[in-house]
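The values are calculated or read from the model by the stated rules, or taken from the named source; none is laboratory data. As the structure is a computational prediction, the values presented were derived from the model and not from experiment. Note: ideal-geometry Cβ built from the backbone for every residue, glycine included; neighbour counts use all protein chains shown.
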Amino acid sequence: MVLPEYKAEIQQMKVESVLVERPIIDEEDFGEMCFRVYDSTQYNYPITVKWFREVWSGRGIEETACGVMREIDVDKRMFKLVSERESVWIRVEDVVQVTKKLPVKESAR
């Protein structure tokens, strides 16, 4: 039998082992990512965005989604990524990586 205090501590340790520190993004990389986000809005091409979501005490998980940028809220410093299945608002300061989604080539017949 495990005491409730130990059980809670074990669960907390499991959660902490999965969580990562917030990545530090240098200014040049951040500027390049913002350019890709804006470019997706202007030219309507899909991008893949990876962002940090804080879960507990400065630690969290990295989430990834693909889509086209549809809106930028300058006041809230957020942008809306829209795919066929969902849309998600992402805070600019949470962005970790932005890449242009390459089109899938059809195989030769």
Checking LYS14 against (1) modelled with pLDDT of 90 or more; (2) of a type in the set (Lys, Arg); (3) surrounded by fewer than 13 Cβ atoms within 10 Å (Cβ to Cβ): exactly one of these is not met. Which one?
(1)
When residues of the stretch 77-86 are filtered for being in contact with a helix residue (DSSP H, G or I) (Cβ under 9 Å, 6 or more places away or on another chain) and assigned to a strand (DSSP E or B), how many remain?
3
Taking the conditions exactly as written (in contact with a Cys (Cβ under 8 Å, 6 or more places away or on another chain) and at pLDDT below 95), does SER83 satisfy them or not?
yes
What about PHE52, is it of a type in the set (Phe, Trp, Tyr), modelled with pLDDT of 90 or more and surrounded by 12 or more Cβ atoms within 10 Å (Cβ to Cβ)?
yes
Counted residues, the stretch 27-59 - those being small (Gly, Ala, Ser) and at negative phi:
2
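So that you can scan it fast, the table gives a plain yes or no per residue for (1) over 29 Å from VAL18 (Cα atoms); (2) exposed (fewer than 13 other Cβ atoms within 10 Å of the Cβ):
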{"position": "VAL37", "(1), (2)": "no, no"}
{"position": "SER40", "(1), (2)": "yes, no"}
{"position": "PRO46", "(1), (2)": "yes, no"}
{"position": "GLY58", "(1), (2)": "no, yes"}
{"position": "GLU62", "(1), (2)": "no, no"}
{"position": "MET78", "(1), (2)": "no, no"}
{"position": "ARG91", "(1), (2)": "no, no"}
{"position": "VAL98", "(1), (2)": "no, no"}
Which of the residues that make up the stretch 67-76 are exposed (fewer than 14 other Cβ atoms within 10 Å of the Cβ) and part of a strand (DSSP E or B)?
ARG70, GLU71, ASP73
State all residues of the stretch 25-58 that are within 14 Å of the chain's Cα centre (by Cα) and in a strand (DSSP E or B); if no residue qualifies, say none.
ILE47, THR48, VAL49, LYS50, TRP51, PHE52, ARG53, GLU54, VAL55
